[in-house]
Amino acid sequence: MSQDFLNWYKEDYLGGFQLGGFNLIEEVNALNPQFVVDVGCAHNLFKGKIHNLIGFDRDPFPGADLQCSTVDMPLADNSIDVTLCLGSLIYGNKDDWTRDLERIVRWTRPGGRIIVRIRPFSDFIGDRKS
């Protein structure tokens, strides 16, 4: 992992998503969550903005609360009110995605929310070949 990749950080990055970013902060906080987890949080841009949030990432981003994968994350079943997966489920293969989704569903309490964004970077839009 290059140091350049780990050091990118832009506060205005949160404004780049019509249905996410700053709008997502309001949406999640309106739920009055007791526990929110950002899976693959990178720089943990929602920290201090979304109530009761912790973020973890498998890579050593300085803003992450914990550095670990979903396999190593010590979370109890049915413990999370809102789970954010904002671009973190695009890595690996089908088996990795299935394993990670099964864990995330198990961690999220009944009636909780799982918010997923796939392919978060705009430069990927339209690259699908028919």
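The values are calculated or read from the model by the stated rules, or taken from the named source; none is laboratory data. Being a predicted model, the structure only gives us computed values, none of them experimental. Because the Cβ atoms are built from the backbone with ideal geometry, glycine has one as well, and the counts that use them run over all protein chains shown. Surface areas here come from the heavy atoms of the whole protein model, side chains and all, with no ligands, DNA or RNA. Shrake-Rupley method; radii C 1.70, N 1.55, O 1.52, S 1.80 Å.
Between Ala30 and Arg109, the C-beta separation translates, for a Förster distance of 22 Å, into a calculated FRET efficiency of about 0.80. A Cβ-based charge dipole, computed about the Cα centre of region 20-123 with Lys and Arg at +1 and Asp and Glu at -1, lands at about 160 debye.
With Cα atoms as the point set, region 20-102 shows a radius of gyration and Dmax of 12.5, 34 Å. The stretch between Val116 and Asn52, if pulled fully straight at 0.36 nm per residue, gains 21.2 nm over its current Cα-Cα span. The residues of region 27-99 expose, per residue, 47 Å² of accessible area to a 1.4 Å probe.
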